Amino acid sequence: MAYDSFSVLKSSAVPMPIENVDTDQIIPARFLKATERKGFGDNLFRDWRYDKNDQPKQDFVLNNPTYSGKILVGGKNFGSGSSREHAAWAIYDYGFRCVVSSFFADIFRGNAINVGILPVQVSPEFLHEIFTAIEKDPKTELVVDLQAQTITIVATGASESFAINGYKKHNLLNGFDDIDYLQAMKSEIADFASKR
Amino acid sequence: MSNSPTTLFDKVWDSHVVRKIEDGPDVFFIDRHFIHEVTSPVAFLGLEQRGIGVMYPERTFATADHNTPTINQHLPVDDPLSANQLQQLATNSAKYGISHWGLGDPKNGIVHVVGPENGITLPGFTIVCGDSHTSTHGAFGAIAFGIGTSEVEMVLSSQCIMQPKPKKMRINVNGQLGKGVTPKDVALYIISKLSTSGATGYFVEYAGDVFENMTMEGRMTVCNLSIEMGARGGMIAPDQTTFDYIQGRPLAPKGADWDTQLAYWKTLKTDAGASFDEEINFKASDIEPMITYGTNPGMGMGISKHIPKASEVEGGVATYEKSLDYMGFAENDSMIGKKVDYVFIGSCTNGRIEDFRAFASIVKGHKKADHVTAWVVPGSHIVEAQIKEEGILDILTEAGFVLRQPGCSACLAMNDDKIPAGKYAVSTSNRNFEGRQGPGSRTLLASPLVAAAAAITGVVTDPREFL
């Protein structure tokens with residue numbers, strides 16, 4: 001019930017070739033005070049996106065109309081730091097459905113899948129190819145096919161496969177979540193707990 | 001194969017797997033769940049939307065810490081959004097029968113400080129919290145790690161999460177630590193060698209005589225920072241130091257139960273010959289008091305060293321330059337003598353009694369530098385009481401410091417304790433990310449000793465000068 005299902009995503013992409021993008025940058029702590037999952041996209045990358053007078057910083061990629069799309073492409077070690085799921089909520093709420101990087105921090109990767117964002121880990125070489133393709137043509141499209149577990153740069157035809165475990169893949173393809181699964185096995189859990 | 005050598009991690013992990021999903025995660029049972037006001041409200045909302053309840057409320061413990069003011073805690077909280085989150089935590093806890101240590105409660109404090117000091121954290125347990133520094137509890141030989149809010153909802157509703165088993169890494173540090181080298185320095189040193197992603201995908205066991213000789217407070221500091229090298233968590237085998245710390249704590253096992261548990265805890269160690277996916281060795285004598293110069297915890301170095309050149313570090317030059325530019329530093333700068341505007345001692349990393357003892361050992365008989373604003377924030381009311389009982393408060397007061405009330409405070413600056421833009425803070429906390437301690441703030445992570453030396457001299461100073 002938690003999110004839309006994910007099958008094939010064809011979209012242009014927003015490049016962010018910075019390493020170690022931490023979740024404090026994705027959503028600063030002072031914006032974690034909501035008690036509902038609403039409106040976090042407005043503060044996505046808040047301090048990179050706006051100056052201290054809340055004016056958009058023109059040199060930041062999200063403020064550059066040249067780039068758009070449902071895929072965010074980040075540098076190595078994306079999503080490090082705090083476990084705040086708000087980071088994944090902010091990325092989702094802004095409109096991204098897929099984040100591509102050569103390396104993800106563990107907690108962020110899990111949070112992303114749990115809210116319906118597909119984290120696609122590619123080789124450093126392929127990541128470079130993607131950045132190069134976007135640099136050449138900001139409207140270049142990527143195709144992320146979850147069933148086939150492939151990501152393709154449409155303009156060049158270059159493609160790479162990515163890993164995801166079968167359970168999570170099934171969940172994402174169908175829009176199922178872990179809580180549904182766990183609710184269905186509560187008697188097994190109770191049995192386990194009683195023996196502890 | 002029950003006789004094959006097994007790691008501490010495997011012993012604890014395998015005994016908590018309810019179900020193994022083929023080509024998927026393990027359904028992993030959680031013994032203890034901590035919640036706080038920031039990452040739990042949406043989970044409770046989820047329970048209501050689904051019409052499901054809390055399966056084992058007695059296994060969850062709530063404390064308010066992230067958002068709380070560190071002065072005038074007896075007054076209503078000014079910020080309406082913070083006040084609302086605190087209220088929601090109280091309401092949700094009451095509704096589902098979860099124990100709640102709110103603002104003003106004598107047991108209140110930072111979640112990773114109050115769990116251990118009340119005897120909730122025990123060896124062999126699995127412990128989670130919607131906070132990445134949950135790794136702290138690994139100091140007791142528990143598997144403890146941070147989770148997202150969706151997982152908080154899972155634990156509330158089913159006492160389980162879905163977790164692929166991480167790989168295993170052992171980090172050995174042996175030898176004698178030098179003068180002025182604290183557990184914080186050991187951790188910052190390891191992170192500087194491994195980088196912030198060097199242990200991603202792994203669960204770490206810390207071994208060697210450096211950790212064996214550490215107090216529980218020191219072990220908590222080390223395990224706390226495991227996440228800063230990308231590891232989900234870190235753990236240390238329980239020993240007599242662990243058992244002595246736990247015995248007599250309010251919620252610790254007592255009587256015959258204690259004896260039974262103790263017998264089990266003594267089995268919790270890595271057998272000789274057990275294998276790890278990765279094993280790394282460091283020498284204690286290579287470690288000096290550490291300080292960070294950049295915008296992630298991996299950008300640290302010995303305090304007497306100079307900032308490395310971009311060409312000498314792993315990773316992209318652009319990212320490195322962006323980081324130094326943010327900090328207002330240049331390659332090859334010495335950190336010694338850099339002006340310090342703020343000093344923060346506290347947080348789940350260094351907010352325990354031993355940290356304040358260390359801080360006081362240096363400031364005793366000196367005065368705080370006039371231009372330095374210092375925030376001295378205990379990790380809990382119990383720590384606060386210890387500071388007073390041991391006479392540390394008198395030393396602090398004499399030296400011109402004011403003791404604040406417990407909470408996460410300037411570590412993540414969700415309350416009013418924000419470092420202003422452009423200002424430099426020597427901080428005993430855990431993250432030096434851009435804006436972490438307030439928009440535009442510049443953080444130098446260090447030990448309580450380095451923080452104390454900076455607070456009295458007003459510049460980055462080698463604490464060994466005072467020892």
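The values are calculated or read from the model by the stated rules, or taken from the named source; none is laboratory data. Predicted, not measured: the structure shown is a model, and the values here were computed from it. Virtual Cβ from ideal backbone geometry, glycine too; neighbours counted across all protein chains shown. Heads up: the accessible areas ignore ligands, DNA and RNA and are worked out on the full protein's heavy atoms, side chains in. Shrake-Rupley method; radii C 1.70, N 1.55, O 1.52, S 1.80 Å.
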Search result, residues across region B:346-369 that are assigned to a loop (DSSP other than H, G, I, E, B) and under 20 Å from the mean Cα position of the chain (by Cα): B:GLY346, B:GLY351, B:ARG352
Residues (more than 18 Å from B:VAL152 (Cα to Cα), crowded, with 22+ Cβ neighbours inside 10 Å and of a type in the set (Gly, Ala, Ser)) located in region A:105-133: A:ALA105
Filter result (more than 9 Å from chain B (Cβ to nearest Cβ) and in a helix (DSSP H, G or I)) within region A:181-190: A:SER187
Residue match in region A:150-161 (condition: open to solvent by 30 Å² or more (accessible area, probe 1.4 Å), within 14 Å of chain B (Cβ to nearest Cβ), closer than 18 Å to A:CYS98 by Cβ and aliphatic (A, V, I, L, M)): no
Qualifying position, being over 24 Å from B:LYS107 (Cβ atoms) and either surrounded by fewer than 24 Cβ atoms within 10 Å (Cβ to Cβ) or more than 9 Å from chain A (Cβ to nearest Cβ) (or both), among B:PHE34, B:PHE28: B:PHE28
Residues satisfying the stated conditions in region A:162-174, i.e. under 17 Å from the mean Cα position of the chain (by Cα) and either of a type outside the set (Gly, Ala, Ser) or away from every other protein chain (no Cβ under 14 Å) (or both): A:PHE162, A:ILE164, A:ASN165, A:LYS168, A:LYS169, A:ASN171, A:LEU172, A:LEU173
Residue within region B:12-23 that is surrounded by fewer than 20 Cβ atoms within 10 Å (Cβ to Cβ), among the polar types (S, T, N, Q) and under 28 Å from the mean Cα position of the chain (by Cα) present: yes
Selected residue [closer than 19 Å to B:SER150 by Cα and charged (D, E, K, R)] from A:LYS10, A:LYS38, A:LYS52, A:LYS57: A:LYS38
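Looking at region B:207-221, is at least one residue closer than 26 Å to B:GLU151 by Cβ and part of a loop (DSSP other than H, G, I, E, B)?
no
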Residue within region B:54-70 that is acidic (Asp, Glu), free of Cβ contacts under 8 Å to residues at least 60 places away in the same chain and either farther than 22 Å from A:ASP177 by Cβ or surrounded by 22 or more Cβ atoms within 10 Å (Cβ to Cβ) (or both) present: yes
All positions within region B:83-100 that are under 16 Å from B:SER157 (Cα atoms), of a type outside the set (S, T, N, Q) and open to solvent by less than 30 Å² (accessible area, probe 1.4 Å): B:ILE98
Yes/no for B:LYS309 being more than 14 Å from chain A (Cβ to nearest Cβ), free of Cβ contacts under 8 Å to residues at least 24 places away in the same chain, farther than 30 Å from B:ILE143 by Cα and basic (Lys, Arg): yes
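Give me the residue from region B:310-345 that is of a type in the set (A, V, I, L, M, F, W, C) and not in a loop (DSSP other than H, G, I, E, B) and, out of that set, nearest to B:GLY115 (Cα to Cα). Outline the logic, then answer.
Start the filter on region B:310-345 by keeping residues that are of a type in the set (A, V, I, L, M, F, W, C), which leaves B:310, B:313, B:317-318, B:324, B:327, B:329-330, B:335-336, B:340, B:343-345.
Checking which are not in a loop (DSSP other than H, G, I, E, B) leaves us with B:310, B:317-318, B:324, B:327, B:343-345.
Working: B:ALA310: 41, B:VAL317: 41, B:ALA318: 41, B:LEU324: 37, B:MET327: 35, B:VAL343: 26, B:PHE344: 23, B:ILE345: 20 Å.
Ranking the qualifying residues of region B:310-345, first place goes to B:ILE345.
Looking at A:VAL144, is it in contact with a Phe, Trp or Tyr (Cβ under 8 Å, 6 or more places away or on another chain), away from chain B (no Cβ under 11 Å) and modelled with pLDDT of 95 or more?
Against the criterion (in contact with a Phe, Trp or Tyr (Cβ under 8 Å, 6 or more places away or on another chain), away from chain B (no Cβ under 11 Å) and modelled with pLDDT of 95 or more), A:VAL144 does not qualify.
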